[in-house]
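Here the structure is laid out as structure tokens; the discussion comes afterwards.
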Amino acid sequence: MLVDSEPLSNRLLAGYLTELGHPTSYEGSLRDYMGAAMHRVHDLVEERTGRRLPEDFDDVFHRRVFAAFERELEPVAGAVGVLEKLAADGVPYCVASSGSHERIRVGHRKTGLDRWFDDGRIFSSQDVGRGKPAPDLFLHAAERMGVDPARCVVVEDSPLGVRAAVAAGMDVYGFTAMTPGDRLTGATQLFSDMGELVDLLV
């Protein structure tokens, strides 16, 4: 959500799955895997084909993703303004991502967002075992941040993430820059420009 990683990672994921004999389009990757932890990729491929992905699939994929991040990754326009406002107002905030801790850190470092996030503000599906759409990650983040889930607002751009936030009993603002609003069923609010988020959070 803070970095523009989904186009890069889903383009690479579609290409790598296709290389391995599982033809996948960019659009198909966004539909099936956007916002998901890696175990969902393994599970869906095996469910659909009866074949398991190679043991080194995650390592190879992440090497390709990190190399692409170093070349191309940018922060989402307006994200820095949101973080500045939250910090200035003393509002607790964090990242709760399906990506690994390493992937989050690489993305933040490349885009300069790392100065906004110490270790206590970063949560990964690695921490809980079950990724979105299970609510576990968001509930874990709320507990560690010391905030009642009912008082949390999740910002999400994937259907899986919206489902996870709803299941956690949290309000969720759906970012429609990449995902049509009608696919973010259950979102409390929809917005298309990160600059709008500051006003929504007031």
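The values are calculated or read from the model by the stated rules, or taken from the named source; none is laboratory data. None of these values were measured; they are calculated from a predicted model. Glycine also receives a Cβ, built like all others from the backbone with ideal geometry; neighbour counts cover every protein chain displayed.
Note on the stretch 71-86: residues that are in a helix (DSSP H, G or I), surrounded by 12 or more Cβ atoms within 10 Å (Cβ to Cβ) and of a type outside the set (Val, Ile, Thr) amount to 7.
Every residue in the stretch 168-185 that is touching a residue at least 12 places away in the same chain (Cβ under 8 Å) and in contact with a strand residue (DSSP E or B) (Cβ under 7 Å, 6 or more places away or on another chain), please. Selection gives Met170, Asp171, Val172, Tyr173, Gly174, Phe175, Thr176, Leu184. Can we say Val106 is surrounded by 15 or more Cβ atoms within 10 Å (Cβ to Cβ) and assigned to a strand (DSSP E or B)? No.
Sort out which residues of the stretch 80-125 are farther than 25 Å from His62 by Cα and among the acidic types (Asp, Glu), and write them in order of number.
Once the filter is applied, which keeps residues that are farther than 25 Å from His62 by Cα and among the acidic types (Asp, Glu), the stretch 80-125 yields Glu84, Asp89.
Per-residue answers, yes or no, for (1) surrounded by fewer than 16 Cβ atoms within 10 Å (Cβ to Cβ); (2) at pLDDT 95 or above:
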| site | (1), (2) |
| --- | --- |
| Val95 | no, yes |
| Arg115 | yes, yes |
| Asp119 | yes, no |
| Lys132 | no, no |
| Ala141 | no, yes |
| Gly174 | no, yes |
| Ala177 | yes, no |
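Being β-branched (Val, Ile, Thr), within 20 Å of Val91 (Cβ to Cβ) and in a helix (DSSP H, G or I) is a property that Val147 lacks. Please verify whether Ala68 is outside any loop (DSSP other than H, G, I, E, B) and assigned by TED's automatic domain parsing to the domain that holds Gly21, treating the condition exactly as stated. So Ala68 passes the test. Scanning the stretch 25-41 for residues being more than 20 Å from Gly174 (Cα to Cα) and crowded, with 21+ Cβ neighbours inside 10 Å gives a total of 2.
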